[in-house]
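Have a look at the structure below before the remarks.
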Amino acid sequence: MRSLLCAAGAAGILLFAAAGPVSADDGGDDGFTIGDGRITESSGLAASRAHPGVYWTHNDSDDGPYVYAVDGRTGRTVATVTLRGIGDPRDVEAVSVGPDGNVYVGDIGDNLGGSWNHVWIYRFPEPKELRDQTVTAAQFTVEYDAGPRDAEAMMVHPKTGRVYIASKKKSGGAALYEGPERLSARGTNTFRRVAGIDQWVTDGAFSPDGTRLLLRGYFGAEMYRWEGGRPKDLGSVGVPLQMQGESVTFTPDGRTLLFGSEGRGSRVQPVGLSGDRLPESAKGSDGKSGTGGGDKEDAADGPQGDAGKNRNVLLAAATFGAATVLVLALRRVFRRRG
């Protein structure tokens with residue numbers, strides 16, 4: 001029986017390995033592995049403005065008021081920032097860096113399915129020096145004009161500084177909500193619905209020039225052109241197959257997306273952009289609108305992007321189906337031995 005269980009475990013490992021992504025070179029903008037054993041539920045990702053090559057992340061719930069700066073070349077945590085002046089974080093799901101030099105942390109999740117009447121956003125100055133430190137953060141109370149929502153994506157526009165939240169797809173569908181022009185620490189900040197989103201959203205990010213918005217789910221992502229403060233759908237982007245895809249950010253040059261996942265020692269994986277998916281500034285940087293991701297997995301235009309999403313769904317389904325067949329086969333063996 002022990003040998004059968006070992007064989008089952010090995011088979012499971014092989015199944016997940018076979019379903020794994022086919023992209024990514026190691027190091028820097030080519031992706032990295034988060035090596036900090038404390039980071040087991042990385043739920044948000046944001047490129048630092050003050051420290052090129054560094055990415056901010058955080059755990060989901062039950063971790064405390066901590067934000068981690070991770071070196072994108074080594075995957076090593078180079079600073080742990082402890083937030084003071086706020087309450088106990090409840091369900092932290094997102095992080096973004098604004099044009100004002102501040103890091104915004106979205107305590108916006110709702111594990112009760114959208115029943116909390118308010119959530120919070122925390123804001124602190126991005127440290128000039130990367131070291132372990134405690135900083136005083138501002139706390140903003142947030143509610144939605146249409147009532148409570150469960151959300152995991154919060155994005156700060158890199159030009160206007162306006163904050164946006166995308167709800168997860170529950171009854172009525174996901175939607176994009178716009179915050180007030182400036183957040184206020186007094187009273188409540190009401191976020192108003194500006195657009196419907198036809199996907200299950202686990203994170204999002206604006207491009208560094210503010211001309212693109214990317215919203216991701218577990219098995220796919222959608223790119224939008226940002227025009228007049230509203231999203232215009234440009235089509236899907238293929239994403240790496242991940243155990244629980246929870247985060248995304250653009251690299252500072254805007255040419256590559258980095259997709260993250262929960263789990264200890266989780267891998268942050270790159271997807272290069274091309275064509276209309278490229279931000280406007282990335283298109284003009286070398287006079288070309290072609291591939292911007294080198295030999296990284298390409299988030300191709302049109303049908304090929306849809307194929308990337310469909311491939312991930314099919315791989316996930318195949319993995320689940322194969323695991324189910326394995327479990328049923330083992331149960332039959334145990335019955336015969338019983």
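The values are calculated or read from the model by the stated rules, or taken from the named source; none is laboratory data. Note that the structure is predicted; figures quoted are calculated from it, not measured. As a convention, Cβ positions derive from the backbone with ideal geometry for all residues, glycine included, and neighbour counts pool all protein chains shown. Quick note on the areas: whole protein, heavy atoms, side chains included, nothing else; ligands and nucleic acids left out. Shrake-Rupley method; radii C 1.70, N 1.55, O 1.52, S 1.80 Å.
Tell me, what is the 1.4 Å probe accessible area of R76, in Å² to the nearest 10?
Its heavy atoms expose roughly 140 Å² to the probe.
Treat each spin label as a single point 7 Å out from the Cα along the C-beta direction, and report the D253 to S115 distance in nm.
4.9
Using only the alpha carbons of the stretch 39-80, what is the convex hull's orientation-averaged projected area in square nanometres?
The number I arrive at for the stretch 39-80 is 2.8 nm².
Using the Karplus curve 6.51 cos²θ - 1.76 cosθ + 1.60 with θ = phi - 60°, work out ³J(HN,Hα) for each residue of the stretch 117-127 in order, rounded to whole Hz, and write x for Gly and Pro.
7, 7, 10, 9, 10, 10, 9, 9, x, 5, x
Obtain the nm distance between the two label points defined at T160 and R90 by a simple spin-label model: each point lies 7 Å from its Cα along the Cα-to-C-beta direction.
The two pseudo-label positions are separated by 2.7 nm.
Using a ≥ b ≥ c from the Cα gyration tensor of the stretch 67-158 (square roots of the eigenvalues), is it rounded, prolate or oblate, where a/c under 1.5 gives rounded and otherwise the larger of a/b and b/c decides, a/b for prolate?
prolate
Considering all projection directions equally, how large on average is the shadow of the alpha-carbon convex hull of the stretch 124-181, in square nanometres?
Computing the convex hull of the Cα atoms and averaging its projections yields 5.6 nm².
Please report, in Å, the Rg and the Dmax of the stretch 148-284, where both are computed over Cα atoms only.
Radius of gyration, then largest Cα-Cα span, for the stretch 148-284: 14.6, 44 Å.
Quick one: order K128, K159, K283 from most to least accessible surface, probe 1.4 Å.
K128, K159, K283
Scan the stretch 182-280 for GluC sites (Glu not before Pro) in coil per DSSP, keeping those whose Cβ has at most 12 other Cβ atoms within 10 Å, and list them by number.
none
Taking the Cα centre of the stretch 66-157 as origin and charging only Cβ (+1 Lys, Arg; -1 Asp, Glu), how large is the dipole, in debye to the nearest 20?
400
Sorted by average packing, counted as other Cβ atoms within 10 angstrom per residue and highest first, what order do 46-53, 112-119 take?
Taking the mean over residues of other Cβ atoms within 10 Å, the ranking is 46-53, 112-119.
Taking H as built 1.01 Å from N, whose amide H comes closer than 5 Å to the amide H of S42, not counting residues under 5 places away?
Amide H neighbours of S42, under 5 Å, 5+ apart: G263.
For A94, what residues show an amide H to amide H distance below 5 Å, using hydrogens built from the backbone and excluding near sequence neighbours?
Distant-sequence amide H within range of A94: G106, I108.
Between the stretch 66-85 and the stretch 141-159, what's the alpha-carbon centroid distance in Å?
One Cα centre to the other: 24 Å.
For the stretch 100-226, what Kirkwood radius comes out of the mean inverse Cα-Cα distance, in Å?
So the Kirkwood estimate lands at 15.1 Å.
Can you give the FRET efficiency to the nearest 0.05 for T136 and Q244, using r as the Cβ-Cβ distance and R₀ = 30 Å?
0.40
Using 0.36 nm times the number of residues separating R230 and K169, minus their current alpha carbon distance, what extension gain do you get?
20.1 nm
Could you list which residues have their amide H under 5 Å from that of R212, counting only those 5 or more apart in sequence or on another chain, with H placed in the peptide plane?
Under 5 Å from the amide H of R212: S207, W226.
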